[in-house]
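Below: one structure, written as structure tokens.
The values are calculated or read from the model by the stated rules, or taken from the named source; none is laboratory data. It should be emphasised that the depicted structure is a prediction, and the values quoted were computed from it without experimental measurement. Using ideal geometry, Cβ is built from the backbone for each residue, glycine included, and neighbour counts are taken over all protein chains shown. To get the accessible areas, we keep the full protein, side chains included, count just its heavy atoms, and leave off ligands, DNA and RNA. Shrake-Rupley method; radii C 1.70, N 1.55, O 1.52, S 1.80 Å.
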Amino acid sequence: MNKWNMDDIKAIVSEVASRKKEYEFLNNMELKYNYRLRNALGRCKCKGIVVNKKVESITPYCIEISKTVLNFESYDMMKQIVLHEVAHALADMKHQDDCQHDYRFKEMCKEIGCTSSGTYATEEERQEIRQVKEKTAKYKVSCTNCNHGWYYKTKTKAVKNPSSCYCPYCGHDDFHVTTLR
């Protein structure tokens, strides 16, 4: 069972939306889970109008949160992921541009109290992600040489045919697959 739900995410977004009049559009954004996000913990989707290869206007319309985030033990860590995506929406709307992770986005992160302004997770976040993956995985694929392991929820190529893979840490190509559940 998930530790967090959509009501928790909506509460975070609503709290930010209530801070300033120009943030109120956040209340109309679609918030949803994306079970297919594997490498990202969230994403902000925008619609843009392009005229003569130049973006004329940008409208953020959806924030998607990975299922992994719902299993985080730490409320603050889950909140930082949501705030990160909210900062994307606010920066893009304010500047009418895809700010990605530039200085405008980082300024918006500071403004709303988001400490996670980069594209990569902190060591604490990576540890939390690892723990969630270990708890929810059905399979573990381990290198028989260096014992480095990867966790999977589904029968991926690495689970079905581990001999077709190699370890990025030691270069070895022999793996052991363990069914966890």
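A few points about this structure:
- Isolated Cys residues of the chain, judged by Cβ distance under 4.7 Å to other cysteines: CYS44, CYS46, CYS62, CYS99, CYS165
- Converting the Cα gyration tensor eigenvalues of the chain into ellipsoid dimensions via √(5λ) gives semi-axes, longest first, of 36, 19, 14 Å.
- Nearest-20 debye value, segment 70-124 charge dipole, Cβ charges on Lys, Arg, Asp, Glu: 160 debye
- Net length gained if the chain between VAL51 and ASP174 were fully extended (0.36 nm per residue, minus Cα distance): 39.0 nm
- Cα-centred dipole magnitude for the chain, charges only on beta-carbon of K, R (+1) and D, E (-1), debye, nearest 20: 740 debye
- Shape of segment 1-82 from the C-alpha gyration tensor: oblate (a/c of 1.5 or more and a/b not above b/c, with a ≥ b ≥ c the square roots of its eigenvalues).
- By DSSP, the beta bridges lying fully in segment 7-79 are antiparallel in about 65 percent of cases.
- Rounded to 10°, Cα long-axis angle of helix 75-95 versus longest principal axis of the chain: 50 degrees
- Candidate aspartates and glutamates for bridging to LYS153, where Cα separation is under 18 Å - those fewer than 8 sequence places away on the same chain excluded: GLU128, GLU134
- In segment 25-73, lysine pairs closer than 22 Å at Cα, eight or more apart or cross-chain: 6
- Helix 6-17 and the long axis of the chain differ in direction by around 40°, with both axes built from C-alpha atoms.
- Separation in nanometres of the label points that stand 7 Å from Cα toward Cβ, at ALA11 and SER164: 4.5 nm
- The figure for GLU22 is an accessible area of roughly 120 square angstrom, using a 1.4 Å probe on the protein chains alone.
- Rounded to 10°, Cα long-axis angle of helix 123-136 versus longest principal axis of the chain: 60 degrees
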